[in-house]
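Chemist: Starting off with a structure, shown below.
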Amino acid sequence: AQSVSQHNHHVILSEAASLELGCNYSYGGTVNLFWYVQYPGQHLQLLLKYFSGDPLVKGIKGFEAEFIKSKFSFNLRKPSVQWSDTAEYFCAVTAGTGFQKLVFGTGTRLLVSP
Amino acid sequence: EAQVTQNPRYLITVTGKKLTVTCSQNMNHEYMSWYRQDPGLGLRQIYYSMNVEVTDKGDVPEGYKVSRKEKRNFPLILESPSPNQTSLYFCASSEGTADTDTQYFGPGTRLTVL
């Protein structure tokens, strides 16, 4: 069965710092990868997704992620974070089933101090 | 406005008292799903539905029931809640059942079982 690992459970940054959150998945076949964000007290929203084409994917709010197949990774990046980026970030994957079956990582809590 | 709604948003109950959490979407989506979110475990799928009258177990279905009698509604039923079902519950829907489709999440229901 596929699984998703997010190694950073808590990240604390100052405003304007660069962000990279790690995501690794375990599945040898074709995968579709997602990053969701959950702002405090809110529901999950899609940041970006990858299922084919350019491995560098741009999402909303200045986020991007790079799919590196050889490393089974889909790391999330942002060059300069803002206080409003404080949230929990979830990496998720659908793989091999041909239909919707999102498997989530455990999440990374990001705190951005002003 | 396109959205997924859940009711109630907060619920405190006692062990063994049957409860239902409603979920409704106004986007005519085929696929609907329930997740529970627990600290350190991320989101785990409870049940999902590919269409009306088509439901199946996710990863953690024990203690839960669902039904899909109408396309827009997908209630989650706890026949005899127990304290280990204290959690944050999210309903989600997507237009189709393809593994590249984006899931849209409801605002969450925080359940406490005493």
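The values are calculated or read from the model by the stated rules, or taken from the named source; none is laboratory data. Remember, it's a predicted structure, so these values are computed and weren't measured experimentally. Quick reminder, even Gly has a Cβ in these numbers, built from the backbone with ideal geometry, and neighbours come from all protein chains shown. These accessible areas exclude ligands, DNA and RNA; they are computed on the full protein's heavy atoms, side chains included. Shrake-Rupley method; radii C 1.70, N 1.55, O 1.52, S 1.80 Å.
Residues are listed down the side, and each one gets a yes or a no for (1) surrounded by fewer than 18 Cβ atoms within 10 Å (Cβ to Cβ); (2) at positive phi; (3) touching a Lys or Arg at 6+ places or on another chain (Cβ under 8 Å); (4) facing chain B (nearest Cβ under 10 Å):
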position	(1), (2), (3), (4)
A:Gln6	no, no, no, yes
A:Glu20	yes, no, yes, no
A:Cys23	no, no, no, no
A:Val31	no, no, no, yes
A:Trp35	no, no, yes, no
A:Gln38	no, no, no, yes
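Chemist: Between residues in segment B:3-15 that are under 16 Å from B:Asn84 (Cβ atoms) and residues that are open to solvent by 50 Å² or more (accessible area, probe 1.4 Å) and not in a loop (DSSP other than H, G, I, E, B), which pairs lie under 7 Å by C-beta distance while being six or more apart or on different chains?
Modeler: Going by the 7 Å Cβ cut-off, the qualifying pairs are B:Thr15/B:Pro83.
Chemist: Right, here's the next one. Go through the residues of segment B:85-103 one by one and say whether even a single one is aliphatic (A, V, I, L, M), within 12 Å of the chain's Cα centre (by Cα) and in a loop (DSSP other than H, G, I, E, B).
Modeler: no
Chemist: Quick one: which strands (runs of 3 or more DSSP E) sit completely within segment A:52-109 and have at least 2 residues that are among the β-branched types (Val, Ile, Thr)?
Modeler: A:87-95
Chemist: Out of B:Arg110, B:Arg72, I need the residue that is touching a residue at least 40 places away in the same chain (Cβ under 8 Å), open to solvent by 80 Å² or more (accessible area, probe 1.4 Å), within 22 Å of A:His43 (Cα to Cα) and within 14 Å of another protein chain (Cβ to nearest Cβ). Which one?
Modeler: B:Arg110
Chemist: Which ones in segment A:94-114 are surrounded by 18 or more Cβ atoms within 10 Å (Cβ to Cβ) and among the hydrophobic types (A, V, I, L, M, F, W, C)?
Modeler: A:Ala95, A:Leu102, A:Val103, A:Phe104, A:Leu110, A:Val112
Chemist: Consider B:Asn84 carefully, then state whether it is closer than 25 Å to A:Ser5 by Cβ, open to solvent by 20 Å² or more (accessible area, probe 1.4 Å) and more than 12 Å from chain A (Cβ to nearest Cβ). Don't jump to the end; show me each part of the working.
Modeler: Working: closer than 25 Å to A:Ser5 by Cβ: yes; open to solvent by 20 Å² or more (accessible area, probe 1.4 Å): yes; more than 12 Å from chain A (Cβ to nearest Cβ): yes.
The answer is yes for B:Asn84.
Chemist: Still on this structure: A:Asn32 passes all but one of (1) modelled with pLDDT under 95; (2) touching a strand residue (DSSP E or B) at 6+ places or on another chain (Cβ under 7 Å); (3) more than 26 Å from B:Cys91 (Cα to Cα); (4) of a type outside the set (Asp, Glu); which number fails?
Modeler: Of everything listed in (1) modelled with pLDDT under 95; (2) touching a strand residue (DSSP E or B) at 6+ places or on another chain (Cβ under 7 Å); (3) more than 26 Å from B:Cys91 (Cα to Cα); (4) of a type outside the set (Asp, Glu), A:Asn32 misses just condition (3).
Chemist: Name, by its number, the condition in (1) facing chain A (nearest Cβ under 8 Å); (2) on the phi > 0 side of the Ramachandran plot that does not hold for B:Glu53.
Modeler: Failing condition for B:Glu53: (1).
Chemist: Testing B:Ser80 on (1) more than 25 Å from A:Ala92 (Cβ to Cβ); (2) not in a loop (DSSP other than H, G, I, E, B), one condition comes back false. Which one is that?
Modeler: (2)
Chemist: Next question. Have a look at B:Val52, B:Val14 and point out the one that is under 19 Å from B:Ala98 (Cα atoms) and among the β-branched types (Val, Ile, Thr).
Modeler: Working: B:Val14 fails: under 19 Å from B:Ala98 (Cα atoms).
None of the others qualify; the one that does is B:Val52.
Chemist: For segment A:48-93, enumerate the residues that are in contact with a Leu (Cβ under 9 Å, 6 or more places away or on another chain), away from every other protein chain (no Cβ under 14 Å), loosely packed, with under 14 Cβ neighbours inside 10 Å and free of Cβ contacts under 8 Å to residues at least 24 places away in the same chain.
Modeler: A:Lys58
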